[in-house]
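Trainee: Can you keep this structure in mind? I'll have questions shortly.
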């Protein structure tokens, strides 16, 4: 910009700080573009979309060397008036495509006017999502056909896209070409196109007559039990509707392995399950669309995550190979598809992105957890566990990241537990046991009162106390251990029957009566054993990865998934589900897989990022590691036969340690060996 | 290569002339690859495919400085024996993957062992087709899954493709991923993949267990009347079967405009016609496949050409916009699709390429003609006309190329002609008239004798003489003109009735009796007028392009298409269908559109070439050019009111010129003006 000319004015944009001199009369949006300032626009500066709003900052700005006044922008225009009366505008806002520079000015671009705005996430320790969707809308004014310049309609649309939006060489779907002429003529040669951009380049995937400013995307986590969907506005990133449905594949088998068995027993069974899950997804899309007041045809993208078997069945791949060693995935790489290839009833041009799987037991859901929690950007060594029938485990930091899966079985979900049930109203989810009286109190889902508080009986009258869910069993066992009702080796201590009527003999073992009702809720010796097996497997998997990384302790632990977000991390540590860590650094990430799916939906760069991370992740197959069994045995004790849990001990009053035979033979032996390697030797 | 080592030998490849020293024991194929010598292979050097055959040239080669002996290759091996006994091998041939270097040798790579072999074309003036198909087969030996290296099957296939064939980053169709595991396990982790490569990169589109060495492609010209298909071997380029069927859209309308009218009158009519043509193409594919003894599923590619309306209907685009000004194409650019998008019953992974259209009246068929005839590579200025209901015209050379379409109407196809008929047995196709007696002789399709030769009557007894086809009417009119039976203005000269009974009055006009049978075949005044209108339009189109190019004469004329290949170019010139040119430089190209389709099928580089050419072609819309009418009027005369036809006059005895009023007013005036600009002035 030539400096010092009287017909030029100095323009400074905040928060970017970009500045330049422009001739008086230059539209603010034009100036912003020439400086590379990020301002959104769908209509391309025609005062229709209202995405490009800015605010003039009034005052003397010594650091910028200018005085910015309201009069330094052109007066409020008819275009702005029309937009405000139709759609509304906050006070002080101007349309930057219409307002022109009249003198020196400082112009603020509010977050909601930026293309690459950030979607704020709830937890402080994770990064915000930067908006960078693969599919975007562009309004076009297309040249009309002219016999003197014989050119196809598509070519003129492509020329408009290049001239008005700088998008060169966009191909078009056949479905777009089919409806293009009608859309152009209906819209008077003004159309809005949706352009999807990926490694294959830009591609027009949808077209509408005239102006249109909203399209939507779905982030879907296909779980074995539940399919959860978030419908997002692809411009703002906002979740406009969420819903979940039971995975209809449950009728073919409750858990993953029984579904694989169904395929092995019933040739073609995979196709039935594929059809079922796709239909459920289409129905779910219709449901969230209805909730948001849009049509399923307004959905232009969908991102999927899921465990390897759900991943294969969604894609229509027979999952039989995943049912046995060597657990070979058909394809672990990320897939970019058309929604129509999966028979999904979205917009005909809708695109699907499926996150990569990590290994035969570690799926795209875990890749999504990694994308959400970004251990690969962390300096700290983080352990992330997503607990389900299998526990998927990530361990590492920005230098190395390892992944494994541990066969925990369904105990954490309340299965194999005598009074176990799914987390539903009436289930006990919180437990405390008085260290002196050994009397329990508890909370059930659907009631905010503790069982010993006044009014509890009335409050739960309608719900009942029906059983105990996964988080409840963890707390019950941890409290029993802390109260001395369970020994470190997991034996329910029958001698405590002398102090409380709640301990009762059952054959040669004992149980603890948590709730004397109908049904009675007891914790049996079998229940403790089931949880010991599950938590031993979980710990052993984590410990195995720690061995591979050559570390003895982790700096941060994150529990992901529905179970992970309901259990109290301290109780999880008391029981020894996870290795010792400062309790302040143990937290839950909620539905991290769903969040990862949402990130991949809203930010196309995140797709390349997670694909690269997954390629670099070191995959450990627990089944072929002899050390896994060894760790498993040591991890059966509560919290552990040998691991010291010193950080936990600072926060919780742990019972005194008993020295067991296993400790002598196992970790103890190793720590002696290690001692020989110390500098003092 | 280190020179002079005793354990090295000198190896020279012919015809490439590439040479190098290699350790004794090096397989010839390995040496060839390291030198970049083009030798084909599907099995990657495993002695299965037999594509890599070479011949040792024996003797002293002074220019190469070596002596090449049979003993300088390793002895005939068991692998070669196995291959020969199974598939046969010409004497002297060796498998270069198996035979190893034992001493200095000259090795010839026969044409059929080269990947980029050339497919020889029949006409001398056009270039050969270099083989460079978009889809190729690659045999792979894939690593088996291993729990210690958790990796998906696709990832191991991709790794094998990179390691064994140097193809990096190949994606895979979902259909391939779905069947990949079964194919790998059925083939014992040996598979053959078909890799399609285009601008979007390499992509695995098909997979088969174990070894496979043939795939096929279809080149299809979708004409308004006939759909013609050539089935080609994608490795050799050979046409293995050809067939044609009537375009079933004929039941919706005989010609293009009546089909557009059908759509305008019957909403959804375009969808009926799309379904009809696609079904016919699938049937045609099945027919040629059966003829070649293969399955339609062995067809991996299809290339389509056709006029704009056929192009749109094939793609499922409503062609209504092409029915009226400004004749806007929905999309003129080339289309790369999956066959499944067009509902074609080929291999599920088959790809379709549709050549670009040039303008609303000048289709992908004309682009294919350009690709076959390559005027854009020529130094000479060539005129290429493809005559149908519309004549598509290309004019230019490697500096500039112009295209237009002229509305000739259906007269050249025998329609609008009183005794006209399609070119079928019984139709008169050749005509001669004795200049003295004015007696005709003729030939009919299906009989090699002239009508005045002995045995003609018996020979045509079964066929009959049923009418006159397009090429016959051209010759009849030209001979009538040369015999003085028609004047330059097209009037059938009634005064000649004095010399022959064959001239008869019909109202105020006269006709000429060509064949006195049942039916009688007459050339009426109306017939002459119909041909005059058609040829006037054709000439005017060509002349208009000559004006745009600023030239007065063309150096070469090529007649393309079925009509163009049947008419005698000299007679075409006598009638003035085409501008004056040395008759030795006027020829026919046969089915150039079909040839162009075949080139695009066999050579992927040709696709980029024709797309680039089509972008650069200057499109002239005859309907908006005032000069077109002027040229049309002048071109109604035979051969032309004013154009001199001096080259033609050297070869043919033309009747003396009559000076007409039009000549005085039109071209005459212009030639006077031009004279003023000569150096003598």
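The values are calculated or read from the model by the stated rules, or taken from the named source; none is laboratory data. Since the model is a prediction, treat every value here as computed from it, not as a measurement. Backbone-built Cβ (ideal geometry, glycine too); neighbour counts: all protein chains shown.
Trainee: Restricting to segment A:76-111, what's the tally of residues that are touching a residue at least 60 places away in the same chain (Cβ under 8 Å) and either over 16 Å from residue A:30 (Cα atoms) or not in a strand (DSSP E or B) (or both)?
Mentor: 8
Trainee: Right, something else. Among the residues of segment A:341-363, how many are within 12 Å of chain B (Cβ to nearest Cβ) and either under 21 Å from the mean Cα position of the chain (by Cα) or surrounded by fewer than 22 Cβ atoms within 10 Å (Cβ to Cβ) (or both)? Before you say what the answer is, go through the steps one by one.
Mentor: Residues of segment A:341-363 within 12 Å of chain B (Cβ to nearest Cβ): A:341-343, A:348, A:352, A:354, A:356-363.
Narrowing further to those that are either under 21 Å from the mean Cα position of the chain (by Cα) or surrounded by fewer than 22 Cβ atoms within 10 Å (Cβ to Cβ) (or both): A:341, A:343, A:348, A:352, A:354, A:356-363.
The total comes to 13.
Trainee: In addition: Kindly establish whether residue A:395 is buried (at least 24 other Cβ atoms within 10 Å of the Cβ), part of a loop (DSSP other than H, G, I, E, B) and more than 13 Å from chain B (Cβ to nearest Cβ). Even if it seems obvious, please write down each step before you answer.
Mentor: Details: buried (at least 24 other Cβ atoms within 10 Å of the Cβ): yes; part of a loop (DSSP other than H, G, I, E, B): no; more than 13 Å from chain B (Cβ to nearest Cβ): yes.
In short, no.
Trainee: For segment A:297-316, which residues satisfy the criterion of being surrounded by 24 or more Cβ atoms within 10 Å (Cβ to Cβ) and facing chain B (nearest Cβ under 7 Å)?
Mentor: Listed by number, the list is empty, since nothing qualifies.
Trainee: Ok, one more. I'm trying to understand the selection: among the residues of segment B:258-278, which are touching a residue at least 40 places away in the same chain (Cβ under 8 Å), surrounded by fewer than 16 Cβ atoms within 10 Å (Cβ to Cβ) and closer than 17 Å to residue B:308 by Cβ?
Mentor: The one that is touching a residue at least 40 places away in the same chain (Cβ under 8 Å), surrounded by fewer than 16 Cβ atoms within 10 Å (Cβ to Cβ) and closer than 17 Å to residue B:308 by Cβ: B:264.
Trainee: Out of the residues in segment B:317-333 that are surrounded by fewer than 20 Cβ atoms within 10 Å (Cβ to Cβ) and touching a helix residue (DSSP H, G or I) at 6+ places or on another chain (Cβ under 6 Å), which is farthest from residue B:135 (Cα to Cα)?
Mentor: The qualifying residue farthest from residue B:135 (Cα to Cα) is B:323.
Trainee: Ok, one more. Give just the number: which of (1) touching a helix residue (DSSP H, G or I) at 6+ places or on another chain (Cβ under 9 Å); (2) modelled with pLDDT under 95; (3) not in a helix (DSSP H, G or I) does residue B:235 not satisfy?
Mentor: Only one criterion is unmet by residue B:235, namely (1).
Trainee: State yes or no: is residue A:200 under 26 Å from residue A:129 (Cα atoms), within 14 Å of chain B (Cβ to nearest Cβ) and surrounded by fewer than 18 Cβ atoms within 10 Å (Cβ to Cβ)? Even if it seems obvious, please write down each step before you answer.
Mentor: Working: under 26 Å from residue A:129 (Cα atoms): yes; within 14 Å of chain B (Cβ to nearest Cβ): yes; surrounded by fewer than 18 Cβ atoms within 10 Å (Cβ to Cβ): yes.
Yes, satisfied.
Trainee: Would you confirm whether any residue within segment A:152-163 is in a strand (DSSP E or B) and farther than 22 Å from residue A:111 by Cβ?
Mentor: The answer is no; no qualifying residue exists.
Trainee: Scanning segment A:167-193 for residues that are more than 20 Å from residue A:347 (Cα to Cα) and at pLDDT 95 or above, which turns out nearest to the other protein chains (Cβ to nearest Cβ)?
Mentor: Ranking the candidates gives A:185 first.
Trainee: Among the candidates A:356, A:326, A:348, which residue alone is part of a loop (DSSP other than H, G, I, E, B) and under 22 Å from residue A:591 (Cα atoms)?
Mentor: Matching residue, one of A:356, A:326, A:348: A:356.
Trainee: Would you mention how many residues in segment A:36-47 are within 16 Å of residue A:140 (Cβ to Cβ) and either within 34 Å of the chain's Cα centre (by Cα) or not assigned by TED's automatic domain parsing to the domain that holds residue A:95 (or both)?
Mentor: Of the residues in that region, 4 qualify.
Trainee: Applying the selection to segment B:231-257, what residues are within 15 Å of residue B:594 (Cβ to Cβ) and crowded, with 23+ Cβ neighbours inside 10 Å?
Mentor: Within segment B:231-257, B:231, B:232, B:237, B:247 meet the criteria.
Trainee: Residues being touching a helix residue (DSSP H, G or I) at 6+ places or on another chain (Cβ under 7 Å) and closer than 19 Å to residue A:132 by Cα: count how many of those fall in segment A:30-49.
Mentor: Result for segment A:30-49: 4.
Trainee: Among the numbered criteria (1) in a helix (DSSP H, G or I); (2) touching a residue at least 60 places away in the same chain (Cβ under 8 Å); (3) out of contact with any helix residue (DSSP H, G or I) (no Cβ under 7 Å at 6 or more places or on another chain), which single criterion is violated by residue B:612?
Mentor: It is condition (2) that residue B:612 fails.
Trainee: Can you tell me how many residues in segment A:119-151 are more than 14 Å from chain B (Cβ to nearest Cβ), touching a helix residue (DSSP H, G or I) at 6+ places or on another chain (Cβ under 7 Å) and either more than 25 Å from residue A:52 (Cα to Cα) or outside any loop (DSSP other than H, G, I, E, B) (or both)?
Mentor: Total satisfying the criteria: 7.
Trainee: Is it the case that segment A:328-340 has a residue that's within 12 Å of another protein chain (Cβ to nearest Cβ), touching a residue at least 60 places away in the same chain (Cβ under 8 Å) and more than 22 Å from residue A:136 (Cα to Cα)?
Mentor: Yes, because at least one residue in segment A:328-340 is within 12 Å of another protein chain (Cβ to nearest Cβ), touching a residue at least 60 places away in the same chain (Cβ under 8 Å) and more than 22 Å from residue A:136 (Cα to Cα).
Trainee: Ok, one more. Select from segment B:184-197 the residues that are in contact with a helix residue (DSSP H, G or I) (Cβ under 9 Å, 6 or more places away or on another chain) and not in a strand (DSSP E or B) and write down the one among them that is surrounded by the most Cβ atoms within 10 Å (Cβ to Cβ).
Mentor: Filtering first and then ranking leaves B:184.
Trainee: Looking at (1) surrounded by 20 or more Cβ atoms within 10 Å (Cβ to Cβ); (2) within 20 Å of the chain's Cα centre (by Cα); (3) within 13 Å of another protein chain (Cβ to nearest Cβ); (4) closer than 30 Å to residue A:235 by Cβ, which is the only condition residue A:285 fails?
Mentor: Failed condition: (3).
One line per residue, one yes/no per condition, for (1) farther than 20 Å from residue A:136 by Cβ; (2) in the same structural domain as residue A:88 (by TED's automatic domain parsing); (3) crowded, with 18+ Cβ neighbours inside 10 Å:
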residue: A:23; (1), (2), (3): yes, yes, no
residue: A:34; (1), (2), (3): yes, yes, no
residue: A:49; (1), (2), (3): no, yes, yes
residue: A:57; (1), (2), (3): yes, yes, no
residue: A:66; (1), (2), (3): yes, yes, yes
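Trainee: Something else about it: What number goes with the only condition from (1) within 28 Å of residue B:558 (Cα to Cα); (2) buried (at least 24 other Cβ atoms within 10 Å of the Cβ); (3) more than 7 Å from chain A (Cβ to nearest Cβ); (4) in contact (Cβ under 8 Å) with a residue 60 or more places away in the chain that residue B:376 does not pass?
Mentor: Of everything listed in (1) within 28 Å of residue B:558 (Cα to Cα); (2) buried (at least 24 other Cβ atoms within 10 Å of the Cβ); (3) more than 7 Å from chain A (Cβ to nearest Cβ); (4) in contact (Cβ under 8 Å) with a residue 60 or more places away in the chain, residue B:376 misses just condition (2).
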